[in-house]
1. Can you work out the Karplus-derived ³J(HN,Hα) for every residue in segment 27-33? Use 6.51 cos²θ - 1.76 cosθ + 1.60 with θ = phi - 60°, whole Hz, and x for glycine or proline.
2. Applying the Karplus parametrisation 6.51 cos²θ - 1.76 cosθ + 1.60 with θ = phi - 60° to the phi angles of segment 38-47, what ³J(HN,Hα) value in whole Hz is obtained for each residue in order, glycine and proline being reported as x?
3. Using a basic spin-label model with each label point 7 Å from the Cα along Cα→Cβ, how many nm lie between Lys107 and Leu18?
4. Run down the lysines and flag those whose C-alpha is under 20 Å from the C-alpha of Lys73, throwing out any fewer than 8 positions away in its chain.
5. Using a cut-off of 19 Å between alpha-carbon atoms, which aspartates and glutamates can reach Lys101, once sequence neighbours fewer than 8 places away in the same chain are excluded?
6. Between [x] 43, 41, 22; [y] 52, 49, 24; [z] 52, 26, 19, which entry matches Cα extents along the principal axes in Å as derived from the coordinates of this structure?
7. List every residue whose amide H lies under 5 Å from the amide H of Val81, counting only residues 5 or more places away in sequence or on a different chain, with H placed 1.01 Å from N in the peptide plane.
8. Show me, for segment 61-76, the HN-Hα J-couplings you get by feeding each phi into the Karplus relation (A = 6.51, B = -1.76, C = 1.60, θ = phi - 60°), rounded to Hz, glycine and proline as x.
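The values are calculated or read from the model by the stated rules, or taken from the named source; none is laboratory data. Only a predicted model underlies this, so the values are computations on that prediction, with no experimental measurement involved. Here the Cβ is made from the backbone with ideal geometry for all residues, glycine too, and neighbour counts use every protein chain on show. Ligands, DNA and RNA are excluded from the accessible area calculation, which covers all protein heavy atoms including side chains. Shrake-Rupley method; radii C 1.70, N 1.55, O 1.52, S 1.80 Å.
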Amino acid sequence: MKKLYPHDYRKRDPRAFLYLFTRIATPAHISDSFSNFLYAAALEQMDMLATHKNQIIIPNECLSGKRIVYLKKKNYFSFKVGPKSYLMLPESELEESEIEKLQKYTKYLKWNYQYNPYRFRYRG
């Protein structure tokens with residue numbers, strides 16, 4: 001399954017950028033790059049925990065509201081990273097529609113998207 005975080009985020013560690021390019025780095029750029037890095041690091045840690053428990057991470061965007069309430073009442077682990085909330089579930093608990101939504105969600109993430117130059121051809 002595709003990841004919810006970029007696989008190469010550690011290569012773009014902002015601490016090295018700050019050390020090497022102190023005069024170029026603006027405070028806005030530094031804070032933005034640090035927030036992206038910490039978001040990916042937190043998701044990676046939660047993904048490692050989920051694989052250790054033989055579960056997967058699913059964003060709340062892929063579940064309906066009633067389903068989220070039901071799963072939280074069953075005491076499945078929910079957590080929030082940045083602005084988004086996630087649930088940690090075993091794959092056997094997911095319904096087919098939720099699996100499809102998760103696949104669509106991961107397909108169109110920026111780091112999983114495969115650029116197709118023929119997708120938006122001019123048809124005149």
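1. x, 5, 5, 5, 5, 5, 5
2. Working through the residues one at a time gives 5, 4, 5, 5, 5, 5, 5, 4, 5, 5 Hz.
3. Each label point is offset 7 Å from its Cα along the Cβ direction, giving 3.9 nm.
4. Within the straight-line limit of under 20 Å, Lys73 reaches these lysines: Lys53, Lys84.
5. Filter leaves Asp47, Glu61, Glu91, Glu93.
6. [y]
7. Tyr86
8. Calculated HN-Hα couplings, in order: 5, 8, 10, 7, x, 5, 5, 4, 4, 4, 5, 5, 5, 7, 6, 6 Hz.
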